[in-house]
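K.L.:
Sending over a structure as structure tokens; questions will come in a sec.
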Amino acid sequence: MRAPGSQAGSIRSYGLFGESGQLPDVLHCETIAARSSLHSWELASHRHTRLHQLLLLREGRGKAWLESGAVPLARQTLVNVPVGDVHAFSFSPGTQGWVLSLPDELVAQQLAGEPALRQPLERAVAVPVPAAAAAPLTSLFDLLWAAYGEDGVAGRSLALRGLGTAVLGLAGRALAEASSDAVESAGSRVLRRFEALLEQQFASAWRVRDYAQSLGVTPAHLSRVARSATGFPVSRLVDARRMREARRQLAYTTASVAAIGELVGFEDPAHFSKVFARTCGCSPRAFRASVTQPAGRAFDGPAAAARRTKI
């Protein structure tokens, strides 16, 4: 299904949808039904030259066409549309919710001291809002809509600015959290792929850049993902996997330390012993002695073996 009114040359620029004038008030707040029901529950492709819009579905469903593509809308979905972004909507009849239109200068003013919210609010996006975050956002929209209808009441403009700013703040927070979750999910996928690749390549001489290149990411990105998930850099994770195999070889084979080092990717025996000692707390020979001691002698682990052995 194409976006309503998406034919070439048909995209219009409005203040509010279908209106050529600029916003005559501090902000504008209306229900989804108020305007869409007049157009068969469809709002054709258009853009706003000076307005930032936030839409929250309370009940019902629909579809949004944003510059990133078509997005399904359901209950408790928040839609963010920055100034100038082309968008269109189609709603099921009876859909409930609100549309808040904020002058771009008000948005810029309020976000001047909130850099963490500026970036998520600069992208046209539709995200489901968790119930815990949707409840206060819904209450604020309800209060804002009620205040908007109080023409001539003292303090109306002040109330609208305050409530509009509060909605902007909570919406920005919800968008930031959704963006963070998406990054975390993508990071989890990268980490799983890295772990699988590590099982295949730990015995090779691959460096961090080799793993990153094979995964199609930058070394810096792979390192951020690894640190975020495990607390350690990629190089430490690679060394840890190599040393796990080295310990297994030391415990269950009679291969020399140099041969085991080469088996797990170290051409230099001295370097292998240094990394093993740093990772495991003792030298390879001390570890082997601790796990192959004669029967009847108490096993006291590689740390004690390291104390008895000159490393």
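K.L.:
Under the condition of being small (Gly, Ala, Ser) and part of a helix (DSSP H, G or I), which residue from region 226-236 is surrounded by the most Cβ atoms within 10 Å (Cβ to Cβ)?
P.N.:
ALA226
K.L.:
Looking at region 237-268, which of its residues are without any contact (Cβ under 8 Å) to a residue 24 or more places away in the chain and either surrounded by fewer than 21 Cβ atoms within 10 Å (Cβ to Cβ) or within 30 Å of ALA186 (Cβ to Cβ) (or both)?
P.N.:
Selection gives ARG244, ARG248, GLN249, TYR252, THR253, THR254, ALA255, SER256, ALA258, ALA259, GLU262, ASP268.
K.L.:
Mind checking which residues of region 26-63 are modelled with pLDDT under 95, among the small types (Gly, Ala, Ser) and in a strand (DSSP E or B)?
P.N.:
ALA44, SER45
K.L.:
Checking ALA3 against (1) modelled with pLDDT under 95; (2) assigned by TED's automatic domain parsing to the domain that holds VAL125; (3) of a type in the set (Gly, Ala, Ser), which single condition isn't satisfied?
P.N.:
Going through (1) modelled with pLDDT under 95; (2) assigned by TED's automatic domain parsing to the domain that holds VAL125; (3) of a type in the set (Gly, Ala, Ser) one by one, ALA3 breaks only (2).
K.L.:
In this structure, is ARG75 assigned by TED's automatic domain parsing to the domain that holds ALA174, touching a Phe, Trp or Tyr at 6+ places or on another chain (Cβ under 9 Å), surrounded by fewer than 18 Cβ atoms within 10 Å (Cβ to Cβ) and outside any strand (DSSP E or B)?
P.N.:
For ARG75, the condition - assigned by TED's automatic domain parsing to the domain that holds ALA174, touching a Phe, Trp or Tyr at 6+ places or on another chain (Cβ under 9 Å), surrounded by fewer than 18 Cβ atoms within 10 Å (Cβ to Cβ) and outside any strand (DSSP E or B) - is not met.
K.L.:
Here's something else I'd like to know. Scanning for something farther than 15 Å from PRO103 by Cα, modelled with pLDDT of 85 or more, buried (at least 16 other Cβ atoms within 10 Å of the Cβ) and out of contact with any helix residue (DSSP H, G or I) (no Cβ under 9 Å at 6 or more places or on another chain), does region 6-22 turn up at least one residue?
P.N.:
no
K.L.:
Tally time: how many residues in region 253-307 are β-branched (Val, Ile, Thr) and at pLDDT 90 or above?
P.N.:
6
K.L.:
Which residue out of SER214, SER157, SER179, SER223 is touching a helix residue (DSSP H, G or I) at 6+ places or on another chain (Cβ under 9 Å), over 24 Å from PRO115 (Cα atoms) and surrounded by fewer than 17 Cβ atoms within 10 Å (Cβ to Cβ)?
P.N.:
Residue meeting the stated conditions: SER214.
K.L.:
Given (1) touching a residue at least 40 places away in the same chain (Cβ under 8 Å); (2) on the phi > 0 side of the Ramachandran plot, where does GLY216 come up short, assuming only one miss?
P.N.:
Of (1) touching a residue at least 40 places away in the same chain (Cβ under 8 Å); (2) on the phi > 0 side of the Ramachandran plot, only one is false for GLY216: (1).
The values are calculated or read from the model by the stated rules, or taken from the named source; none is laboratory data. Note that the structure is a prediction, hence the values are computed from the model and not measured. In this analysis, Cβ positions are derived from the backbone assuming ideal geometry, glycine residues included, and neighbour counts consider all displayed protein chains.
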